[in-house]
Amino acid sequence: MYIPPIFSNRSRRTGLGSLDFTEPMPSGRRPLGEQLRIECEAMARYALRQGLGVPPEQLARVATLLSPADSAPAVAEYGELAALHRKLADAVAPATPQGITLLDQDRLRGQRWAWLGPVPLIRMLTLAAIFFQLGVLVTGLSDEVTVENVSLSWLDASGTSLLINMLFLLFCAGLGASFATLFQAHRYIANSSYDPKYDASYGARLILGVIAGLILVEMLPAELLSDAGMGSFGKPTLAMLGGFSATAVHRLLQRMVETLETLVRGDGSARIKHSIDMHKVHAASERTQSKHDLVAELLALQQSLDSDTPPEVVRQRLAELTRAMLSPQSGSAGTTAERKE
């Protein structure tokens, strides 16, 4: 009895249903039609395992299109397979077709070191974590690693004691960095959205974490750590924290640089205060000018009442004065126009 390919893990011959996972080809060099077939089968298998609400007719159609065929695939079949690919991608979101395919291929190949993780990146990070953990244990067994020796700076210590204690702190920083990197990468593995193009960034984060841990415990002043509430932490703890969050160490260094720039260029608050004072002086000058204009208008209105000015002209000037008082923005323009008259 024939078993549809989405329920079989065996290697199959070339053709519309040819999906040989024993010798995988990088997706960037794989023919487009083959990539379409592989990703459709991987997503269909993923939907079945996770119990996603994919319509049964779509899964049945995928199984039919991926069945071995003696003839070359038709263009119409590729078009239908592409439409099914899009529907399956929407159904398995937030997982991605690439992430599901990579994890599915790795599972079907049955790697010897699969217990370390599902993809090479996770296995590498797991081995790095084990290496740093063993490094902490081995260096911690040395008689040179004591509370007194660890608390010394590298300018106060020397020789073998300095070397072993520095290695101990570096292993602590690497342990924190590998934990943070492995924890972040595991989230993308868990939701099947892993993308291998970011593998290099994880290696860079691991290296940055080791550097950040060493900077935090050996190069930053103790007073700065005390102000940040970390004065009671020991150097091993600080090294792990620095390795865990290289971003926090970067922000701390950036803050120190900004403080130094402030000392060189001067405090910016003085310039801001001067700008505010100048604005207040300018506003007071405008208010004084407005009062003078209002007094001039009132005097002109009084002269109009004392003279034989027609009542219509007096009422017009009074209305213009009232509008000028109610509209400060147009007050200056109005008074200027009146002075011109």
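The values are calculated or read from the model by the stated rules, or taken from the named source; none is laboratory data. None of the values given here were measured: they were computed from a predicted structure. Cβ placement follows ideal geometry from the backbone for every residue including glycine, while neighbour counts extend to all protein chains displayed.
Of note:
- Residues that are within 27 Å of residue 36 (Cβ to Cβ) and of a type in the set (Lys, Arg) within the range 98-154 comprise 107, 109, listed in sequence order.
- Scope the range 316-335; condition surrounded by fewer than 11 Cβ atoms within 10 Å (Cβ to Cβ) and either modelled with pLDDT under 75 or among the hydrophobic types (A, V, I, L, M, F, W, C) (or both); matching residues: 319, 326, 329
Here's the yes/no breakdown for (1) surrounded by 22 or more Cβ atoms within 10 Å (Cβ to Cβ); (2) part of a helix (DSSP H, G or I); (3) among the aliphatic types (A, V, I, L, M):
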| position | (1), (2), (3) |
| --- | --- |
| 138 | no, yes, yes |
| 153 | no, no, no |
| 156 | no, no, no |
| 160 | no, yes, no |
| 164 | no, yes, yes |
| 177 | yes, yes, yes |
| 182 | no, yes, yes |
| 188 | no, yes, no |
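- Members of the range 293-312 that are within 18 Å of residue 326 (Cα to Cα) and touching a helix residue (DSSP H, G or I) at 6+ places or on another chain (Cβ under 9 Å): 293, 294, 296, 297, 298, 301
One line per residue, one yes/no per condition, for (1) within 26 Å of residue 206 (Cα to Cα); (2) in the same structural domain as residue 211 (by TED's automatic domain parsing); (3) of a type outside the set (Gly, Ala, Ser):
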| site | (1), (2), (3) |
| --- | --- |
| 139 | yes, yes, yes |
| 142 | yes, yes, no |
| 149 | no, yes, yes |
| 155 | no, yes, yes |
| 164 | yes, yes, yes |
| 168 | yes, yes, yes |
| 175 | yes, yes, yes |
| 179 | yes, yes, yes |
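- Failed item in (1) closer than 18 Å to residue 166 by Cβ; (2) part of a helix (DSSP H, G or I); (3) modelled with pLDDT under 85, with residue 220 passing the rest: (2)
- Qualifying residue in the range 255-271 (condition: modelled with pLDDT of 75 or more, surrounded by 10 or more Cβ atoms within 10 Å (Cβ to Cβ), acidic (Asp, Glu) and in contact with a helix residue (DSSP H, G or I) (Cβ under 6 Å, 6 or more places away or on another chain)): no
- Among residues of the range 39-58 that are within 22 Å of residue 78 (Cβ to Cβ), those with a beta-carbon under 8 Å from a residue that is polar (S, T, N, Q) and outside any helix (DSSP H, G or I) at least six positions away or on a different chain give the pairs 46/192.
- Residues that are among the small types (Gly, Ala, Ser) and in a helix (DSSP H, G or I) were ranked within the range 245-254; the one that is surrounded by the most Cβ atoms within 10 Å (Cβ to Cβ) is 246.
- Condition check for residue 242: surrounded by 14 or more Cβ atoms within 10 Å (Cβ to Cβ) and either outside the structural domain of residue 90 (by TED's automatic domain parsing) or at pLDDT 90 or above (or both): yes
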